[in-house]
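The structure under discussion appears below in the form of structure tokens.
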Amino acid sequence: MTLKYRFSLYFSFSLSLLLGIMTLVIISLFADFREDEFQNRLSEKATTALNLLVEVDEVDSALLAKIDQKSSGKLFEENLQIYNEALVLLYHTGPVVAIPFTDSELASLKQNGQIFRHKENDVLGLYRSFGKDGYFVFHSAKDVYGFRKLHFLQTILGGSYLLMVILVGLLSFYLSQITLRSLSKVTQQIQQVNTENLKIDLNRLHQDDEIKALASSFNRMMERIDDVYRSQKEFSSNAAHELRTPIARMTVQLQNLARAYQTAQDARGTINDVLEDAHRLSDIVTSLLLLSKVEYRGERPSFIPVRIDEVLFAARSRLLATNPDFRFQFAIENNSQVETDVEIPGDETLLEIAFQNLFRNAYAYSDDQQVGCLVTQTKDGLEIRISNNGEIPQGDDLQQLFSTFYRGTNTQGKTGSGIGLSIVQRIIHLHGGTVSYETPDAHTNVILVFFQSFNH
């Protein structure tokens, strides 16, 4: 989840939670207010009826009933009962019902003077003393209008809460976009940083905040990384360049020594082995030098159309010169609807080094010193399949196949440095291609190289 969506979610959730708590508090307070107000109405009406019945001599139960019938403040499902202290019924409105309180509650009522209980209807119990006489009053009714107001308030607040949650969500998303817009720009620019473009300077931001400080810190960090990377590339380039001259001189001297007629046969074999190592070392140094030139400061060679079949045969000829028993099977297929060229844009020297390394590996780890090469023309580009019959790599050997300086468990007794396939991968990627490994059966290894055509 991105920071923008996380900020929107946290802000919306926090504000919605506060609004929800506020809504519940308002509803709870209004419910308490309704209950207190209705309790006061029951108490006032019960007290008035008791005062009229006890203190006014002209008012008896019949007259009090008529007064109650003519009253405009009659409540819904109202029931009023007045008892003396001996619990003898003196007056009632509506049907006579059992006393809604237990003996212990009546004792508490006599001591406290008032009890209120909320059941299906609200029930109020009063105890009043007039001289030596005491009276119990039980007044119950249903607060229809109060509950209607409460339900209306709940509906209004609930709808308002849902509307506010939606508005808060939209507002928080909009605010997060505005607030983090500069961070999104910085992120887009950072994504453009690669090994070919380390010297990138993030745009200066107008606002003075943490994002601007982050961009400035990133600029300073990239400057230091670029300095270190440039120093490393300069060292690699200089080291490879300095190594080429003594290796070339050593190779020429060994070749001259091997051609001398007076050299003993055993010594000539040793010289040929050393000469082969010198050739391989020269190829590695040449590859490193070319790659360092290509990668240094993002400089790419000027690619020109290169025929891939000519590159393959040139690599085959160089390998055959040092390995006479090398056998090479070559074929071309056209699976596209139209006739296409076997040309790709590239650097011929780098491509020749890459395929020479692939042929050398396939030859070295083949059971019969035979390497197959199938070039297939497709509508999207060129596919080169290099295959041999030999042991299939397993486990870590397969995972580390293109890792630098990694040598598998099947390399005992075979010369090599573990850098060949890594160089191949870097050269192929430099040309916009892909390289992968396949095993069509238990005894066949296939390296698949794919280049896009000019049209793609």
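The values are calculated or read from the model by the stated rules, or taken from the named source; none is laboratory data. A quick note: this is a predicted structure, and the numbers were derived from the prediction, not measured. Don't worry about glycine lacking a Cβ; one is built from the backbone with ideal geometry, like all the others, and counts go over all protein chains shown.
Of the residues GLN399, GLN377, GLN369, which is of a type in the set (S, T, N, Q) and over 19 Å from GLY420 (Cβ atoms)? Write out each step before concluding.
On the way: GLN399 fails: over 19 Å from GLY420 (Cβ atoms); GLN369 fails: over 19 Å from GLY420 (Cβ atoms).
Going through GLN399, GLN377, GLN369 in turn, the sole match is GLN377.
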Checklist entry - With respect to PHE152, is the statement that it is part of a helix (DSSP H, G or I), within 24 Å of the chain's Cα centre (by Cα), among the hydrophobic types (A, V, I, L, M, F, W, C) and at pLDDT 75 or above true? => result no
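Quick one: is LEU180 touching a residue at least 12 places away in the same chain (Cβ under 8 Å), in the same structural domain as ALA46 (by TED's automatic domain parsing) and surrounded by 14 or more Cβ atoms within 10 Å (Cβ to Cβ)? Quick ask: steps written out before the conclusion?
Values: touching a residue at least 12 places away in the same chain (Cβ under 8 Å): yes; in the same structural domain as ALA46 (by TED's automatic domain parsing): no; surrounded by 14 or more Cβ atoms within 10 Å (Cβ to Cβ): yes.
So LEU180 does not fit the description; no.
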Checklist entry - With (1) touching a helix residue (DSSP H, G or I) at 6+ places or on another chain (Cβ under 6 Å); (2) surrounded by 13 or more Cβ atoms within 10 Å (Cβ to Cβ) as the list, and LEU109 as the residue in question, which single condition is left unmet? => result (1)
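What number of residues in region 418-451 are in contact with a helix residue (DSSP H, G or I) (Cβ under 8 Å, 6 or more places away or on another chain) and surrounded by 17 or more Cβ atoms within 10 Å (Cβ to Cβ)? If you could, list the steps in order and put the result at the bottom.
Let us first name the residues in region 418-451 that are in contact with a helix residue (DSSP H, G or I) (Cβ under 8 Å, 6 or more places away or on another chain), namely 419-421, 423-424, 426-428, 430-431, 434-435, 437, 445, 447, 449, 451.
Next cut, surrounded by 17 or more Cβ atoms within 10 Å (Cβ to Cβ) only: 419-421, 423-424, 426-428, 430-431, 435, 445, 447, 449, 451.
Final tally of qualifying residues: 15.
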Checklist entry - Has region 394-415 got at least one residue that is at pLDDT 90 or above and outside any helix (DSSP H, G or I)? => result no
Next on the checklist: Suppose we filter region 115-143 for residues that are closer than 24 Å to GLU37 by Cβ and surrounded by 15 or more Cβ atoms within 10 Å (Cβ to Cβ); how many remain?
Outcome noted: 18
Next on the checklist: For region 117-154, give me each residue that is more than 13 Å from THR47 (Cβ to Cβ) and of a type in the set (Lys, Arg).
Outcome noted: ARG117, LYS119, LYS132, LYS142, ARG148, LYS149
Checklist entry - Which one of the conditions (1) touching a residue at least 40 places away in the same chain (Cβ under 8 Å); (2) within 14 Å of ALA46 (Cβ to Cβ) does THR93 fail to meet, given that it meets all the rest? => result (1)
Item to check | Conditions (1) in contact (Cβ under 8 Å) with a residue 60 or more places away in the chain; (2) surrounded by 13 or more Cβ atoms within 10 Å (Cβ to Cβ); number of the one not met by GLN81 | outcome: (1)
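Evaluate the following for LEU157: is it modelled with pLDDT of 85 or more, outside the structural domain of PHE7 (by TED's automatic domain parsing) and closer than 20 Å to PHE11 by Cβ? Talk me through it step by step, then tell me what you get.
On the way: modelled with pLDDT of 85 or more: yes; outside the structural domain of PHE7 (by TED's automatic domain parsing): yes; closer than 20 Å to PHE11 by Cβ: no.
For LEU157, the condition - modelled with pLDDT of 85 or more, outside the structural domain of PHE7 (by TED's automatic domain parsing) and closer than 20 Å to PHE11 by Cβ - is not met.
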Item to check | Subset of region 298-325 that is loosely packed, with under 14 Cβ neighbours inside 10 Å and at pLDDT below 65 - its residue that is nearest to ILE344 (Cα to Cα) | outcome: ARG300
Checklist entry - Which number in (1) assigned by TED's automatic domain parsing to the domain that holds VAL54; (2) over 14 Å from GLN39 (Cα atoms) marks the one condition that GLU78 misses? => result (2)
